[in-house]
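Notes for the one structure printed next.
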Amino acid sequence: MSDPVRVKYCGLSRPEDVSAAAEAGAAYVGFVFFPPSPRHLELERAAALALSVPAGIVKVALTVDADDAALDALLSRVPVDMLQLHGSESPERVREVRARTGLPVMKAVGVSGAEDLTALDTYARVADQILVDAKPPKDGTLPGGNGLAFDWRLIAGRRWPVPWMLAGGLTPANLGEAVALTGARQVDVSSGVERDKGVKDAGLIADFAAAASTLR
C-alpha cells in the first residue's frame, strides 16, 4: 500500500494555523512573502511562526520574483527549508537561486491549457520540485491562492524527473477527484481551507487532512 498523499498548507499567518496544520499531519507549511497577498508576512512575524513549526515539517517560503537582496533579508531572519518561486522566474534564475541560497527550490508553473505543459518539462530540469498550479486570471494581481482549478485531465498520466505537487482550487470536497485524475502524491492548499480570504479555518484543515488520508 502506498503512503498517503502529502499535504502542504500554504499561506499560514497565525500561530493557531501552524498548530492546526501540524495536528493535521502536514508534510509542508508555506509562508507567503508577497505584499499584495492577504497572506503576506513581515519578516519578524514569519520568523516567530517558522520557529514554532514542529521538527519534520518542511518550512517553505513563497516569493514572487524576489531579487537577491530580498532573498538575503528573508533568509537571514526566517529559518526555512525550501524556497517556492511563484513568479515569472526564468530557468536561469531558478539555477541562480539554488546556487546562491543552497536551499532546494520549488518552481510554480501556471497551467490553463496544453500550451503550458512544455514549461513544466523545462522547469523540472532545473528545480528540485515543481508545483503545478492554475494559471491566474489575466486581470489577476496574485500568481496563486486564487481558488481556481485547471483541467486536471491535462496532466493525467504525466510524470517528471523531480517530485511534483498539485495546486489550484483544491478543497476537501474535490481532493479525491483531483488525485484520481492526476495521480498526484503531493498537494498544496491555501484558499480551500480558509473561512475568509487569508484566514485559515482549523476545521477545514482537519477536513482536508481527513480527505487526504484516504487517498493511497
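Summary table below
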quantity: Fraction of beta bridges assigned by DSSP in the chain that are antiparallel (%, nearest 5); calculated: 5 percent
quantity: Computed lengthening from D116 to A173, 0.36 nm per intervening residue step minus Cα-Cα distance; calculated: 17.9 nm
quantity: Length released on extending from D65 to E23, taking residue separation times 0.36 nm less the Cα-Cα span; calculated: 11.9 nm
quantity: Of K107/K135; K135/K200; K8/K59, pairs whose Cα-Cα distance is over 20 Å; calculated: K135/K200
quantity: Calculated FRET value between R45 and S213, using beta carbons and R₀ = 45 Å, to 0.05; calculated: 0.90
quantity: Label point distance in nm, D201-S52, each placed 7 Å from Cα along Cα→Cβ; calculated: 2.1 nm
quantity: Gyration tensor (alpha-carbon) shape descriptor, the chain, a/c threshold 1.5; calculated: rounded
quantity: Length-normalised contact order of the chain in % [C-alpha pairs under 8 Å, at least 6 apart]; calculated: 22 percent
quantity: Cα gyration tensor, the stretch 165-216 - rounded (a/c under 1.5), prolate or oblate; calculated: prolate
quantity: The stretch 91-110 and the stretch 150-184: distance between their alpha carbon centers, rounded to Å; calculated: 22 Å
quantity: Most fluctuating residue given options S52, S191, S112, as computed from a GNM of the chain linking Cα atoms under 10 Å; calculated: S52
quantity: Net length gained if the chain between S88 and E16 were fully extended (0.36 nm per residue, minus Cα distance); calculated: 22.7 nm
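FYI, it's all coordinate maths here, none of it is from the lab. It should be emphasised that the depicted structure is a prediction, and the values quoted were computed from it without experimental measurement. Here Cβ is always computed from backbone atoms with ideal geometry, including for glycine, and neighbour counts include all displayed protein chains.
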